[in-house]
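The values are calculated or read from the model by the stated rules, or taken from the named source; none is laboratory data. Just so it is clear, the structure is predicted and the values come from calculations on it, not from any experiment. All Cβ positions, glycine included, derive from the backbone under ideal geometry; neighbour counts span all protein chains shown. Surface accessibility is based on the protein's heavy atoms, side chains included, excluding ligands, DNA and RNA. Shrake-Rupley method; radii C 1.70, N 1.55, O 1.52, S 1.80 Å.
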Amino acid sequence: MARYLLPVFVMIVICGDTLHSQTTNTIENTRRFQRVSLTGKVINEAGDSLPGASILIHDVKAGTIANSQGMFSVSILSPGKYLVEVSHLGYALDIETVVINGATQKNFVLKRTAVEQEEVTVTGVSSATRLRQSPQPVSILKREDLVNISSTNIINAISHIAGVNAVTTGPAISKPFIRGLGYNRVVTINDGVRQEGQQWGDEHGIEIDDYSVQRIEVLKGPASLIYGSDALAGVINIQTLTPVPEGTVRANVLSEYQTNNKLKGFYGNAAGTKNGFSWNAYGSYKGAVDYTNKYDGRVFNSKFYNKNIGAMVGYGGNWGHSYLMVSNFNQHTGIVEGSRDSATGKFLKLNLGGTESIATTQDFKKVKPSVPFQYIRHFKATSDNSFHVGRNRLDFTAGFQRNQRQEFGDPDKEEIPDAYFDLKTATYAVRLNLPYIANWKTSFGLTGMYQNNTNKAEEAIIPDYSLFDIGGYVFTQYSKNKLNLSGGLRVDNRHVQGKRMMEGTDVKFSAFTRNFSNVSGSAGLSYEATHSLTLKLNLARGFRAPNLAELASNGAHEGTNRYEIGNNTLKSEVSVQLDGGAEITTEHVSVSANAFYNSINNFLFYERVLNRSGRDSIIADANTGEQLEVFNFNQHDVHLYGGEFNVDIHPHPLDWLHFENTFSYTRARFTQPIGGTRNVPFIPAARYISQLRGKFLTKANTLRNLFVSLEGDYTFKQNRPFTGFNTETATEDYLLVNAAIGADIVSNNKTLFSINFSVNNLGDVAYQNHLSRLKYYDVNNVTGRQGVFNMGRNFGFKVNVPLEFKGH
């Protein structure tokens with residue numbers, strides 16, 4: 001470990017000396033300025049002022065709203081170079097780098113456009129960066145996009161992004177996959193802190209309230225340079241508790257209903273900023289009964305309900321900012337077992353005494369899950385701080401999370417959990433951002449994590465353990481004219497200690513200690529060949545240390561029908577990925593194409609264990625007597641390749657019309673056959689989405705921003721499953737037709753409320769997604785069909801009421 005970390009510490013010491021000398025000089029210089037601010041006016045191409053325009057500086061989380069004359073002022077800055085984003089409904093974003101030194105004045109001119117030509121990303125970089133300058137593909141969804149999407153959880157909402165899929169266990173539980181990789185290979189960031197919630201489990205979802213999300217960025221490709229172990233496939237950066245612009249108070253009330261599972265959702269939020277002091281608070285409820293499809297009818301115990309809250313308070317000034325955020329995610333979700341009555345094919349439920357009977361209509365109507373079910377509580381506290389030190393900026397983020405996951409499976413003891421994981425995680429990230437030196441901008445960072453897991457129930461699939469993570473990195477960016485370069489190096493060390501645990505007189509888990517060290521890095525470029533054409537190339541090395549389930553599991557994994565056996569001699573996965581892309585944006589059409597090739601050494605996967613006769617090994621659960629298939633973990637080298645292609649036709653002057661087509665493809669192969677096949681498990685099928693949408697009445701007085709969309713979502717047949725050890729089967733293709741219509745109701749030029757009506761799976765197609773875990777459940781003896789099918793036709797209705805008050 002020492003030989004890896006020594007270079008980082010040397011760089012930090014050199015950086016500290018440089019910082020000291022620079023700070024001494026810049027403090028003297030800044031004393032000359034009585035006020036450091038950015039003021040100006042926002043207008044359109046005709047010279048008309050644009051009141052209500054939003055001015056945002058991502059790096060310092062500062063912003064404001066232009067007044068009735070289009071004038072604005074942002075005064076919580078220190079001298080330096082900043083990326084400023086200016087936006088107004090109906091106009092293209094204006095993103096400019098502005099040197100702010102004292103009282104700086106700058107006007108912004110916004111242009112009307114049929115398509116958003118530029119965005120700002122903060123994911124995988126050390127400071128806010130124009131999306132065209134990021135060498136890796138990044139997709140962004142904003143609050144207004146999410147409000148128009150009908151889904152049952154946040155991961156399903158982003159699965160329309162090309163290259164993003166979800167492993168699902170019913171409507172409440174979805175795990176993100178990026179380009180065929182998921183579980184601990186995707187890092188989820190929530191308000192600056194990596195989300196830690198037993199993400200190794202198939203039936204363990206992302207514990208983030210979807211109604212509170214303000215913005216999502218999805219980075220596709222290795223991002224271990226900034227985020228360390230686990231960011232092998234990419235990063236999902238979710239922002240919820242964000243400060244509102246200076247001088248405003250905002251409130252938001254949202255309600256939705258979905259017909260298929262009778263989902264009811266309610267959300268309320270209020271936030272304000274005055275003289276640098278910011279506050280934000282939300283509360284939400286979402287509940288649903290069992291969903292239905294035309295083959296299975298109502299799928300018993302797919303019901304769930306959530307009750308979530310969150311709050312933020314903080315202050316921002318010329319010295320920087322400091323925000324404290326607290327949230328609590330609370331969910332009850334049923335576990336679908338798929339057991340059926342052999343004579344009728346109807347779903348069975350567990351009764352007192354361990355007997356089974358056919359689930360009734362009244363059972364389907366309940367929101368409260370039946371046994372087996374999970375009760376998840378995820379508490380998180382985050383301290384987000386940024387300090388101006390002369391012309392440098394020091395960012396410090398610390399977080400504490402407690403994830404309590406209880407699994408209940410005994411109807412006679414419904415209040416006593418069979419399994420209870422209590423995971424506590426403390427994380428920190430320190431980053432020193434140096435000022436621009438010529439065209440270079442460099443940052444040094446140190447991140448770490450301490451984690452402790454305790455089993456508090458009779459059953460345990462993983463041992464009690466502790467984990468310590470530390471890593472240091474240097475990241476630099478170069479920008480000049482049309483060329484943008486970025487890259488850096490990072491070293492990491494992870495120490496894992498599994499504890500000895502007994503089951504009666506037998507040793508269930510033996511004590512063990514492992515250390516995992518690695519070096520990560522990336523180098524990329526973005527070149528704006530013309531005003532319309534941008535070329536990108538990136539080479540990155542990432543890694544992932546084995547998780548505790550892979551190292552040490554030994555037991556029945558409830559909700560999966562598996563008995564899992566770990567291996568504490570496993571090695572870290574190491575990835576080298578090459579990304580290339582091109583983007584073309586013109587008045588009539590926008591085209592983007594991204595391709596990747598990923599080589600992973602020591603790829604980890606689970607496989608069925610065969611007995612001596614070559615059949616599946618079966619073991620009886622000591623507690624329930626249930627017959628479980630035995631799985632263990634293996635490693636082998638794999639190659640993945642594929643890409644995403646998007647074309648959006650928006651012919652001028654028909655600016656209201658968009659015809660957008662997206663195709664995504666991922667192929668993965670072992671370098672040598674495993675169980676008679678080279679196909680890798682959990683690889684999504686190719687997908688093609690075609691959407692025709694229009695937006696009308698953008699200046700109307702009452703019914704404004706009317707939008708209509710019709711979409712065809714075609715998933716190709718996955719005929720290359722991992723058939724080794726009977727692990728996967730092929731999956732048929734299917735076409736889903738979706739549609740939506742919505743508008744804003746306006747009075748006196750203010751939005752009173754927005755309405756959205758949608759329908760997913762209009763044709764009520766019975767289908768199984770290749771990444772649905774319900775696909776492999778019991779065969780229906782009446783129909784001969786295996787497993788449980790996905791949700792059928794679903795109508796959705798949303799009402800969103802925004803309120804805003806401006807201070808004087």
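Evaluation of Ala426 against the conditions (1) in a strand (DSSP E or B); (2) crowded, with 18+ Cβ neighbours inside 10 Å shows that the sole unmet condition is (2). Only residues that are open to solvent by less than 40 Å² (accessible area, probe 1.4 Å) and under 22 Å from Asn453 (Cα atoms) were counted in segment 491-507, giving 6. In segment 752-763, the residues that are under 15 Å from Arg693 (Cα atoms) reach residues that are of a type outside the set (Lys, Arg) and outside any strand (DSSP E or B) with C-beta atoms within less than 7 angstrom, at least six apart or across chains, in these pairs: Asn756/Val147; Asn756/Asn148; Ser758/Ser150. When the residues of segment 89-104 are filtered to those that are part of a loop (DSSP other than H, G, I, E, B) and farther than 26 Å from Val125 by Cα, the one that is modelled with the lowest pLDDT is Gly90. The set of residues in segment 97-126 being surrounded by fewer than 19 Cβ atoms within 10 Å (Cβ to Cβ), in contact (Cβ under 8 Å) with a residue 40 or more places away in the chain and of a type outside the set (Val, Ile, Thr) consists of Asn101, Gly102, Ala103, Gln105, Lys106, Asn107, Lys111, Arg112, Gln117.
Only residues that are part of a strand (DSSP E or B) and closer than 21 Å to Phe266 by Cα were counted in segment 212-256, giving 12. Quick one: in segment 662-677, of everything that is crowded, with 18+ Cβ neighbours inside 10 Å and over 19 Å from Tyr183 (Cβ atoms), which residue is modelled with the lowest pLDDT? Selected residue: Thr677. Just one residue in the set Ala511, Ala545 is more than 20 Å from Phe475 (Cβ to Cβ) and open to solvent by 10 Å² or more (accessible area, probe 1.4 Å); that residue is Ala511.
Candidates in segment 642-661 are the residues that are open to solvent by 50 Å² or more (accessible area, probe 1.4 Å) and either in a loop (DSSP other than H, G, I, E, B) or over 19 Å from Ile161 (Cβ atoms) (or both); of these, the one that is modelled with the highest pLDDT is Ile649. Phe722 fulfils the conditions (1) of a type outside the set (Asp, Glu); (2) open to solvent by less than 20 Å² (accessible area, probe 1.4 Å); (3) more than 25 Å from Arg773 (Cβ to Cβ); (4) at pLDDT below 95 except for a single criterion, (3). Can you pull out every residue in segment 170-198 that is touching an Asp or Glu at 6+ places or on another chain (Cβ under 8 Å), over 25 Å from Lys798 (Cβ atoms) and not in a strand (DSSP E or B)? Residues satisfying the conditions are Asn184, Arg185, Gly192, Gln195, Gly197. The residue list Asn601, Asn554 contains one member that is at negative phi and either hydrophobic (A, V, I, L, M, F, W, C) or open to solvent by less than 50 Å² (accessible area, probe 1.4 Å) (or both), which is Asn554.
As a summary of the residue check, Asp637 satisfies the conditions (1) charged (D, E, K, R); (2) assigned to a strand (DSSP E or B); (3) over 27 Å from the mean Cα position of the chain (by Cα); (4) surrounded by fewer than 17 Cβ atoms within 10 Å (Cβ to Cβ) except for the one numbered (3).
Here Ala53 fits the description: at pLDDT 85 or above and open to solvent by less than 40 Å² (accessible area, probe 1.4 Å). Just to be sure, is Phe605 in a strand (DSSP E or B), modelled with pLDDT under 90 and either in contact with a strand residue (DSSP E or B) (Cβ under 8 Å, 6 or more places away or on another chain) or polar (S, T, N, Q) (or both)? Criteria met by Phe605. Just so you know, in segment 323-345 the residues that are of a type in the set (D, E, K, R) and crowded, with 19+ Cβ neighbours inside 10 Å include one that is nearest to Ser174 (Cα to Cα), and it is Glu337. Kindly establish whether Ala743 is among the aliphatic types (A, V, I, L, M), farther than 18 Å from Asn661 by Cβ and buried (at least 19 other Cβ atoms within 10 Å of the Cβ). Yes: the conditions hold for Ala743. Inclusion of Lys303 among residues that are open to solvent by 60 Å² or more (accessible area, probe 1.4 Å), more than 22 Å from the chain's Cα centre (by Cα) and under 25 Å from Thr783 (Cβ atoms) is not warranted. Taking segment 315-360 as the range and being of a type outside the set (Gly, Ala, Ser), free of Cβ contacts under 8 Å to residues at least 60 places away in the same chain and touching a Lys or Arg at 6+ places or on another chain (Cβ under 8 Å) as the test, the residues that pass are Val326, Asn328, Asn330, His332, Lys346, Phe347, Leu348, Glu356, Ile358.
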